[in-house]
Amino acid sequence: MASKLAVYKQDQLLRANGPIQNDAPMRLRMEAYVKDLQNRIVEGIEKVEGNKKFERTSWKRPDHGGEGMTCVIQDGQVMEKAGVAVSVVYSELSKEAAHQMRHDRGKSLPDRDHLPFFVTGISQVMHPKNPNAPTVHLNYRYFEVFDPDTGMPLLWWFGGGADLTPIYLFEEDCIHFHSIYKQACDLIDPDFYGQFKKNCDTYFCNTHRGETRGIGGVFFDDLDTKSPEDLFTLIRALGDRFLPSYVPILEKRHAMPYTEAMVEWQQIRRGRYVEFNLIWDRGTKFGLQTPCARVESILMTLPLTARWEYMYQVKPNSKEEELESVLKHPRDWIPLH
């Protein structure tokens, strides 16, 4: 029987043979890519940050299969808190998860418990100190369910995206961010950007408040509508565009003057960010339900500080109301075609 540990040990042998080649299983190619992307993002943000470096923490799951690296800056000159985490997990679907998956997108899965699965991905959130500089989020992952008898993939998909959460609205930043990601989507399918932008506005929404978390970006889940090669090309095109999409905005905004009142609004918006991550985000819920999950890595995306003020209302005709209006009525920042 091809248990999760049997597949893990088989993959360990392939890793030990040197750099992962193009004919390796997709799970190992995606793992190698997100680890490389993590290093590039860390280096790119450190150039803006100044003297403070990311603290790197590695972890392993030798008894279950898997490993990860979490890189975090707290109380930097530019970043209040920034984290970039990569995880590689071999585990098994619980009876409830397997049942749900068979009735959803996994209709061809065998009707049995303890189906082994693999998931690898990168998750990153940047919370700058300056209220003029936006928070940004990125997540890309690859998921695979194995045949418990042969170890071959029974089900696979890619998911992820990137989105921008400003505290104060600068329309040119929104246009720049969306334009970069449309370029990546158009490499594979000209319809992808419009679909993914709509997905993003729908998913990153605090439904209980009737507002989106930010001004969106691109988002997709359970994506298997094209070949694995095409979708892996898409993932790399999107991931490679993170630094060009965000660093120019960060460099323009992080040294702008701001007031204590602006910081208060930033803290309110941070609270809304926390609400989404803990109430609505499926990735957070999945991570916390995974056996032997590393909670610090999962909750790394939360800001260092936040504020909840009873019956908070923005002032009419203010910059704060300008942002709130966009969050309640998402815009199309660039033409879809």
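Computed from the coordinates by the stated procedures, all read-outs in this text should not be read as laboratory data. Just so it is clear, the structure is predicted and the values come from calculations on it, not from any experiment. All Cβ positions, even for glycine, are placed from backbone atoms using ideal geometry, and neighbour counts span all protein chains on display.
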* What are the ³J(HN,Hα) values, in whole Hz, obtained from phi via the Karplus relation 6.51 cos²θ - 1.76 cosθ + 1.60 with θ = phi - 60°, for each residue of region 160-168 in sequence order, with x given for Gly and Pro? -> x, x, 8, 8, 10, 10, x, 8, 10
* To do: Given the peptides 225-231, 163-169, arrange them by the average over their residues of other C-beta atoms within 10 Å, most packed first.
  => 163-169, 225-231
* In whole Å, how far is the Cα centre of region 285-335 from that of region 1-55? -> 29 Å
* Structure fact -> Note to self, the chain gives a 222 nm [θ] from helices alone (DSSP H runs n ≥ 4, -39500 (n - 2.57) apiece, / all residues, nearest 500) of -13000 deg cm²/dmol
* To do: Kindly identify region 257-337 as rounded, prolate or oblate by the Cα gyration tensor criterion: order the square roots of the eigenvalues as a ≥ b ≥ c, call it rounded if a/c is under 1.5, otherwise compare a/b with b/c, prolate if a/b is larger, else oblate.
  => oblate
* Structure fact -> Assertion target for VAL88, VAL72, ordered by fewest C-beta neighbours within 10 angstrom first, is VAL72, VAL88
* **Residues of type aspartates and glutamates that LYS315 reaches as a straight line, Cα spacing below 14 Å, ignoring anything fewer than 8 places off in the same chain** => GLU264, GLU324
* Going by how many other beta carbons lie within 10 Å of each one, how would you line up ARG236, ARG15, fewest first? -> ARG15, ARG236
* Rounded if a/c is under 1.5, else prolate if a/b is larger than b/c, else oblate: which is region 200-295, with a ≥ b ≥ c the root eigenvalues of its Cα gyration tensor? -> oblate
* To do: Using the structure shown, list the pairs from LYS52/LYS182; LYS9/LYS47; LYS252/LYS319; LYS182/LYS226; LYS197/LYS319; LYS285/LYS328 with a Cα-Cα distance above 29 Å, or answer none.
  => LYS52/LYS182; LYS9/LYS47
* Which order do TRP308, TRP265 fall in if you start with the one that has the fewest other Cβ atoms within 10 Å? -> TRP308, TRP265
* Between the DSSP loop rule and a limit of at most 14 other Cβ atoms within 10 Å, which GluC sites (Glu not before Pro) in region 267-337 are left? -> GLU309
* Asked: Which ³J(HN,Hα) values in Hz, rounded to whole numbers, follow from the phi angles of region 308-320 under the Karplus curve 6.51 cos²θ - 1.76 cosθ + 1.60, where θ = phi - 60° and Gly and Pro get x?
  -> 10, 10, 4, 6, 5, 10, 7, 6, x, 6, 9, 4, 5
